[in-house]
Amino acid sequence: MNFKPSGALERLAAALLVLAFALAGWKVLQRSPASPFAAPSADAPQLPRAHPPAQQRSPDGRFRFEAQFVSSSPGQAVHAASLVELRDGRLRAVWFSGSREGAGDVTIQSAVTDATGLRWGAESTLFDRQALQQGLWRYVKKIGNPVIARAPDGSLNLWMVNVSLGGWAGSSITWARSTDEGASWSAPRRLVTSPFLNISTLVKGTPVIFENGETGLPVYHEFVAKFGEVLRISPQGQVVDKVRIPGSRTSLQPVVLVSGPQKAQVYMRSGNATALMASSTTDAGKTWLPAHASAWPNPDSALAGTMTNSGTQWLALNPAPRNRETLALLQTATGGSFDGVTPWIVESSANPQARTSMGDYERLLTQELKARGASDGEAQAYVASARRQLCGGQSCSQEFSYPYLLQSRDGYLHLLYTWHRTRIKHVRLDPLQTLEAAQAAPGHVSSGK
């Protein structure tokens, strides 16, 4: 996702954009009074202790979970899923899908679980390039990264990355609203994040809510420099303030974990494939401490996080310095550090440091796809898509990436992630049972405050 400007127009745009960023990060036109982070709902349900889901053992043998595939079209490249709980307890997932990332045929897809919350229904298309072009009255070259979340007024918001010129570094954010749980959506609108050019803003992380009804949307920039910001968006969908996370010059895709009315932590992907970057605030996001490297490596890969109603913080990430062949969960107490905790492995290749032979790769993927209900023809199409994106020569890289975390009202923790760039996978687990199992396992390292 790196954009290298060429030509007089691109050089001029780059120079002007750098100047715009230098003007104090645009401390916006309609600055609103500071507001603390919203507290979790006081009537949040307790974690269920009966009727756990059907479970399989994790690769490291330390906990159990349920896994299934979200609907996705065989043969497509899929990525960047996010998730929201509907009023009736079902889940709605969104992701982008197309012949390849950045292709003109990429669409924003969605699927919903059935009434029991256990199985995913057929997928549908929410937006494509043509719909965005008609709604925005402007050319759209490509679309990507959708994030869905519930607004303070009860409606659903959907933010999407779109590009009119150049690569991902030339992105802007488009958003739409639904008042019927995602069955229909308003006309798309541009989110104005800068008074000049309004480009180089992308979204990936889960929004947070302020007490005054504003939404905090974590965003990032890739043009000229990489850095993270948090936008504050009014109930009417307008950006009223934004704050850059200092010291995040090579960081992107921030994830915000709120631990109190004034306190939060942010974790960011390293654009240099070094360490997971971290920062914190003690004034509800008015200012952030300079970003610093955590103890966890980061292979230039996205992460996700959430705070549970029992007061624990979770991260999902690729805990390796070089690739995305292992996906793990980390847990700590409210406001605690993830450094030094024992990871819980959700999915991993047998040998994460080595590529897999083409034959073994096809066999592994086909075996799981068919075990989860794919027909022979569907399995072949899924494998062909994965091979096209992740294989070179006679070997392949396994990939479990771009996680998204959500706790539903029944207490279960839901993890969505990209499975070999060809399917979206859904893992459901009971966080208390997972914590109890991990703490009882040999070699457990306690999380600290």
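I'm trying to understand the selection: among the residues of region 243-280, which are open to solvent by 40 Å² or more (accessible area, probe 1.4 Å) and assigned to a strand (DSSP E or B)? Residues satisfying the conditions are 244, 250.
All conditions in (1) over 27 Å from residue 380 (Cα atoms); (2) modelled with pLDDT of 90 or more; (3) in contact with an Asp or Glu (Cβ under 7 Å, 6 or more places away or on another chain) hold for residue 88, with the sole exception of (3). Looking across region 281-293, just one residue is surrounded by fewer than 18 Cβ atoms within 10 Å (Cβ to Cβ), outside any loop (DSSP other than H, G, I, E, B) and not aliphatic (A, V, I, L, M), and that is 292. Among strands (runs of 3 or more DSSP E) entirely within region 113-188, having at least 3 residues that are surrounded by 17 or more Cβ atoms within 10 Å (Cβ to Cβ) singles out 142-150, 156-163, 171-178. Residues in region 370-384 that are closer than 12 Å to residue 74 by Cβ, assigned to a helix (DSSP H, G or I) and open to solvent by 40 Å² or more (accessible area, probe 1.4 Å): 376, 377, 378, 380.
Just one of the listed residues (38, 103, 81) is modelled with pLDDT of 50 or more, within 30 Å of residue 283 (Cβ to Cβ) and within 26 Å of the chain's Cα centre (by Cα), namely 38. When residue 419 is tested against (1) within 15 Å of residue 69 (Cα to Cα); (2) in contact with a helix residue (DSSP H, G or I) (Cβ under 9 Å, 6 or more places away or on another chain); (3) of a type outside the set (Ser, Thr, Tyr); (4) surrounded by fewer than 24 Cβ atoms within 10 Å (Cβ to Cβ), just one condition goes unmet, and that condition is (4).
Filtering region 200-214 to residues that are in contact with a Pro (Cβ under 6 Å, 6 or more places away or on another chain) and either open to solvent by less than 10 Å² (accessible area, probe 1.4 Å) or on the phi > 0 side of the Ramachandran plot (or both) leaves 205, 213. Any residue in region 387-399 that is surrounded by 17 or more Cβ atoms within 10 Å (Cβ to Cβ), outside any helix (DSSP H, G or I), under 17 Å from the mean Cα position of the chain (by Cα) and not aromatic (Phe, Trp, Tyr)? Checked against the condition, which is being surrounded by 17 or more Cβ atoms within 10 Å (Cβ to Cβ), outside any helix (DSSP H, G or I), under 17 Å from the mean Cα position of the chain (by Cα) and not aromatic (Phe, Trp, Tyr), region 387-399 yields at least one hit. Put simply, of 284, 273 the only residue that is out of contact with any Leu (no Cβ under 8 Å at 6 or more places or on another chain), within 22 Å of residue 419 (Cα to Cα), in contact (Cβ under 8 Å) with a residue 40 or more places away in the chain and not hydroxyl-bearing (Ser, Thr, Tyr) is 273.
Of all residues in region 85-95, those satisfying the criterion of being part of a strand (DSSP E or B) and either open to solvent by 10 Å² or more (accessible area, probe 1.4 Å) or at positive phi (or both) are 85, 92.
Please indicate, with yes or no, whether at least one residue in region 353-369 is among the aromatic types (Phe, Trp, Tyr), within 21 Å of the chain's Cα centre (by Cα) and surrounded by 22 or more Cβ atoms within 10 Å (Cβ to Cβ). There is no residue in region 353-369 that is among the aromatic types (Phe, Trp, Tyr), within 21 Å of the chain's Cα centre (by Cα) and surrounded by 22 or more Cβ atoms within 10 Å (Cβ to Cβ). Of the residues making up region 68-78, those that are in a loop (DSSP other than H, G, I, E, B) and either surrounded by fewer than 24 Cβ atoms within 10 Å (Cβ to Cβ) or more than 18 Å from the chain's Cα centre (by Cα) (or both) are 71, 73, 74, 75, 76.
Based on this model, can you work out whether residue 431 counts as open to solvent by 50 Å² or more (accessible area, probe 1.4 Å) and modelled with pLDDT under 95? Spelling it out, it is not the case that residue 431 is open to solvent by 50 Å² or more (accessible area, probe 1.4 Å) and modelled with pLDDT under 95.
The values are calculated or read from the model by the stated rules, or taken from the named source; none is laboratory data. Because the structure is predicted, anything quoted here is derived from the model rather than measured. Counting neighbours? That spans all protein chains shown, and the Cβs are built from the backbone with ideal geometry, glycine included. For the accessible areas, the whole protein counts, side chains as well, though only heavy atoms, and no ligand, DNA or RNA atoms are used. Shrake-Rupley method; radii C 1.70, N 1.55, O 1.52, S 1.80 Å.
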